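Q: A single structure is presented below for examination.
The values are calculated or read from the model by the stated rules, or taken from the named source; none is laboratory data. This structure is a prediction, so every number in the text was calculated from the model and none was measured. As a convention, Cβ positions derive from the backbone with ideal geometry for all residues, glycine included, and neighbour counts pool all protein chains shown. Side chains included, ligands, DNA and RNA excluded: accessible areas come from the protein's heavy atoms. Shrake-Rupley method; radii C 1.70, N 1.55, O 1.52, S 1.80 Å.
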Amino acid sequence: MAKKIKGMTWKQLIALIILAAADVFVIAAPYYIKNIIPNLHTYLHIREDQVSRLTSIIGYVTLITQLPGGFLANKFSSRWLLFIAVFSTGVLTFWFGGTILNAQNLDPENLMLQYSFIYALWGISTTLVFWTPLWKLVSQQTTKENQGFAYGIQGAANGLIGLVLVFLLGLLITNVWYPATQEWDENSKTLVGGSSVPFGVYAFLIGSFLVITAFLVLFCVPEKPMEKNTEKISWERFKKTVKQVLKASANWKLWMLSLFVMGMYTFQSVFAYYLVQMINNAFLAPAILMTVLGGIRTYGLRMAISTFVGRWADKFKSYLLFLLLTTGIGILIVAIIIILPLFGLGDSTQQNIWIIVISSILFLLAGVLSWAMVTLRYAQIGEIEIEKNSYASSVGILSFIGFSTDAWLYEVTTAVGKAYTIEGETNTSLLGYQIILIITLSIALLGVIAGIVVHIANTKELKKLGKTNYRWRTLENA
């Protein structure tokens with residue numbers, strides 16, 4: 001067993017599982033639920049386009065709060081910041097559940113206003129005091145040689161918890177207990193019929209999981225002690241701190257890797273959503289098939305491959321090289337799915353059965369690669385030089401650029417989708433999906449080019465220094 005846990009204590013393993021739970025439940029309500037619960041808008045009693053508007057709101061708030069979040073995690077206890085993040089997200093999720101239960105009694109404008117406030121505040125709680133403290137704590141649970149293993153354990157536990165307590169529980173509540181059967185009423189301009197009670201209860205359950213996890217983080221997750229600063233709070237100390245952050249931000253390799261993270265993130269976000277839409281609406285795959293595949297891809301595959309990928313990657317001399325190979329294969333897979341219709345697309349599921357089967361298999365393979373990218377995207381920081389006590393700021397910069405697509409790329413895809421929606425239809429046309437995927441593919445390719453530039457520079461540096469391992473530096477993650 002000692003070999004299997006690679007020198008990590010049980011306390012550290014339990015800490016990684018708790019951090020995985022925090023990751024699952026914090027991200028679930030604001031981000032992933034819309035990917036695993038079909039027709040989310042019917043439960044919220046709003047229109048489908050309004051869900052996109054809420055997604056845009058949270059995207060812009062997270063963009064604003066990424067870099068300040070890295071600063072906070074460098075100066076304050078990551079464990080306490082994470083407690084505040086998880087607990088406050090739980091409170092907001094209770095508000096979300098209460099709003100859902102009361103949705104039919106609220107006028108449409110008031111209802112949308114409440115949802116807008118909730119999503120905006122979620123953007124703060126899931127980024128400013130959550131994202132960088134989370135990954136800083138994950139990194140601290142093991143040595144620099146076993147970073148991939150630690151991220152892998154966290155990812156595998158994330159997948160298992162999400163599969164059972166988010167996906168399967170949500171599927172049971174919304175498809176078995178009381179599915180939504182609402183319809184749009186033109187007279188009242190609202191959704192009528194059905195019941196929001198099951199989904200409201202589901203939201204309260206997620207909120208409860210969040211509150212419980214918050215206290216587990218506070219009492220069960222170890223943290224490296226931060227260096228004590230005996231200087232009094234002053235203008236000079238503030239300027240010194242700003243200079244430190246600016247110096248950390250001056251690392252060109254860090255910014256190039258942030259472009260690489262952006263390219264990898266497209267597999268987790270845009271590709272994950274639009275491939276499902278294209279296979280379902282253009283290839284005419286059954287909705288239930290895509291619902292199941294979406295759930296497996298979102299949680300099942302992460303559980304299955306994260307630990308394996310983390311341990312395997314630790315044997316590579318370079319995490320960055322591993323990620324470049326993984327992303328390159330992913331780009332090839334998406335390109336194949338895009339061109340599949342050129343070989344003949346019919347007007348029925350039966351006529352397209354071979355395209356549906358092939359694209360579904362490729363969709364899952366892209367999911368495997370996506371979670372490999374997620375597992376290691378921050379581990380690659382150990383292969384470049386960063387300033388002392390700036391690990392969280394470095395993660396913040398990677399996330400600021402990497403996740404910026406949630407704000408601006410969805411604006412682009414929405415414009416393309418609207419332009420290529422057939423009159424009288426609600427879905428984007430096949431050509432529209434292909435254009436969206438090609439645009440996104442170009443962003444992924446740009447990320448790979450940026451990653452290659454850094455890897456070439458690192459290789460030259462290693463030859464100059466006479467070293468053989470890309471992770472030769474001390475990991476400054478305290």
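Q: Could you give the length gained by full extension between residue 325 and residue 438, i.e. 0.36 nm per residue of separation minus their alpha carbon distance, to one decimal place?
A: Length difference between fully extended and current span is 38.7 nm.
Q: When the chain is fully extended, how far beyond the present Cα-Cα distance does residue 201 get from residue 411, taking 0.36 nm per residue of separation?
A: Additional length available on full extension: 72.4 nm.
Q: Please turn the phi angles of segment 326-340 into ³J(HN,Hα) values with the Karplus equation 6.51 cos²θ - 1.76 cosθ + 1.60 (θ = phi - 60°), one per residue in order, whole Hz, x for glycine and proline.
A: These are the phi-based 3J(HN,Hα) values: 4, 5, x, 5, x, 4, 4, 5, 5, 4, 5, 4, 4, 8, 3 Hz.
Q: Obtain the nm distance between the two label points defined at residue 277 and residue 467 by a simple spin-label model: each point lies 7 Å from its Cα along the Cα-to-C-beta direction.
A: 4.4
Q: With every protein chain present, what accessible area does residue 317 have (1.4 Å probe, heavy atoms only), rounded to the nearest 10 Å²?
A: Accessible surface of residue 317 is approximately 120 Å².
Q: Test of understanding: what is the full-extension gain from residue 421 to residue 317, defined as 0.36 nm times their sequence separation minus their Cα-Cα distance?
A: Length difference between fully extended and current span is 32.7 nm.
Q: Okay, moving on. Kindly write out, for segment 120-137 in residue order, the coupling ³J(HN,Hα) from the Karplus curve 6.51 cos²θ - 1.76 cosθ + 1.60 (θ = phi - 60°), rounded to whole Hz, with x marking Gly and Pro.
A: Rounded to whole hertz, the list is 5, 5, 4, x, 6, 5, 8, 10, 3, 10, 10, 4, 5, x, 4, 6, 5, 5.
Q: Sort 292, 309 by heavy-atom solvent-accessible area, probe 1.4 angstrom, most to least.
A: Of 292, 309, the descending order of accessible area is 292, 309.
Q: Counting only residues 5 or more places away or on other chains, whose amide H sits under 5 Å from the amide H of residue 421 once H atoms are built in the peptide plane?
A: Those lying under 5 Å, H to H, from residue 421 are 429.
Q: Using heavy-atom solvent-accessible surface (probe 1.4 Å) with all chains present, what is the largest-first order of 260, 204?
A: Solvent-accessible surface, decreasing: 204, 260.
Q: Assuming R0 = 35 Å, can you tell me the calculated FRET efficiency for the pair residue 224 and residue 445, based on Cβ-Cβ distance, to the nearest 0.05?
A: The pair residue 224/residue 445 has a calculated efficiency of 0.40.
Q: Moving to a separate point now. Taking 7 Å along the Cα-to-C-beta vector as the label spot, tell me the residue 429-residue 459 distance in nanometres, rounded to one decimal.
A: Reported label-point gap for residue 429 and residue 459 is 4.4 nm.
Q: Next question, about the same structure. Using the beta-carbon distance between residue 288 and residue 215 and R0 = 30 Å, what value does 1/(1 + (r/R0)^6) give for FRET efficiency, to the nearest 0.05?
A: Working from the Cβ atoms, E equals 0.20.
Q: Which of the three applies to segment 241-367, rounded, prolate or oblate, going by the alpha-carbon gyration tensor with a ≥ b ≥ c and a/c under 1.5 meaning rounded?
A: Prolate, because a/c is 1.5 or more and a/b exceeds b/c.
Q: With each label point set 7 Å from Cα along the Cα-Cβ vector, what nm distance links residue 347 and residue 120?
A: Distance between label points: 4.9 nm.
Q: Can you compute the radius of gyration and Dmax for segment 7-138, using only the Cα atoms, both in Å?
A: 16.2, 58
Q: Give a residue-ordered list of calculated ³J(HN,Hα) values for segment 280-287 (Karplus: 6.51 cos²θ - 1.76 cosθ + 1.60, θ = phi - 60°; whole Hz; x for Gly, Pro).
A: 6, 8, 9, 7, 6, 6, x, 4
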